[in-house]
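The values are calculated or read from the model by the stated rules, or taken from the named source; none is laboratory data. Remember, predicted model here, so these are calculated numbers, not experimental data. So basically every Cβ, Gly included, is an ideal-geometry build from the backbone, and we count neighbours across all protein chains shown. Areas reflect the complete protein model, heavy atoms only, side chains present, ligands, DNA and RNA absent. Shrake-Rupley method; radii C 1.70, N 1.55, O 1.52, S 1.80 Å.
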Amino acid sequence: MRHKIAGRKLGRSSSHRRAMYRNLVTDLLNYEKIITTEAKAKEVRGLAEKMITLGKKGGLHSRRQASSFIIDKKVTEKVFTELAPRYTERPSGYTRINKLGPRVGDGAAMVQLELVE
């Protein structure tokens, strides 16, 4: 039984999974919209919102925490200069998941993960 076990393994090793999450979060924050599977989107959503919350906090420690997770330094700068001021009035819930239907190849549920305005 899987009682009280959080997170999805997604058929990957822990290092591969972490790298994939970092790539997806970086792309979401850079392009503000990505298309991926529903399971990946649900895992990445919380990580992306945490990065935006770090941007809202500001400060050197928050900037270093965000840089250690976000791969591209330009995207880290974007989080602190563009995205954080956009969400100053919003306490949480910076992302939205829109269902797109099954993928043609294998029938996986596809979604569009985007930042709300």
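Straightening the chain between Lys33 and Ser92 buys 19.5 nm, computed as 0.36 nm per residue apart minus the Cα-Cα spacing. Rounded to the nearest 20 debye, the dipole magnitude of segment 18-117 is 320 debye, with +1 charges on Lys and Arg beta carbons, -1 on Asp and Glu beta carbons, and the Cα centre as origin. Couplings 3J(HN,Hα) of segment 88-93, computed from phi: 5, 7, 8, x, 6, x Hz, in residue order, whole Hz [Karplus 6.51 cos²θ - 1.76 cosθ + 1.60, θ = phi - 60°; x for Gly and Pro]. According to the square roots a ≥ b ≥ c of the eigenvalues of the Cα gyration tensor, what is the shape class of segment 67-115, taking rounded for a/c under 1.5, prolate for a/b larger than b/c otherwise, and oblate for the remainder? Oblate, since a/c reaches 1.5 and b/c is not below a/b. Here's the list of lysines a cross-link from Lys99 could span, going by alpha-carbon distance under 16 Å and ignoring same-chain residues fewer than 8 apart: Lys33, Lys40, Lys42.
Positive-end ranking of Tyr87, Gly55, Leu115 along the dipole of the chain, with charges on Cβ about the Cα centre, is headed by Gly55.
When a 1.4 Å probe is rolled over the protein heavy atoms, the share of accessible surface on the chain that falls to carbon and sulfur comes to 51 percent.
Free of any trypsin sites (Lys or Arg not before Pro) that DSSP assigns to a loop and that have at most 16 other C-beta atoms within 10 Å, the longest stretch within the chain is 13-102. Take the chain with all the other protein chains still there, run a 1.4 Å probe, and you get 63 Å² of accessible area per residue. When the chain is treated as a GNM with alpha-carbon contacts under 10 Å, the residue of Leu24, Leu47, Leu60 showing the greatest mean-square fluctuation is Leu60.
Given the -39500 (n - 2.57) contribution per DSSP H run of 4+ residues, what per-residue ellipticity at 222 nm results for the chain, rounded to the nearest 500 deg cm²/dmol?
Details: 4 runs with 55 residues, N = 117.
Estimated from H runs of four or more residues: -15000 deg cm²/dmol.
Residues whose amide H lies under 5 Å from that of Thr95, counting only those 5 or more places away or on a different chain, are Val116; hydrogens are built 1.01 Å from N in the peptide plane. From the largest down, the chain spans 43, 28, 27 angstrom on the principal axes of its Cα atoms.
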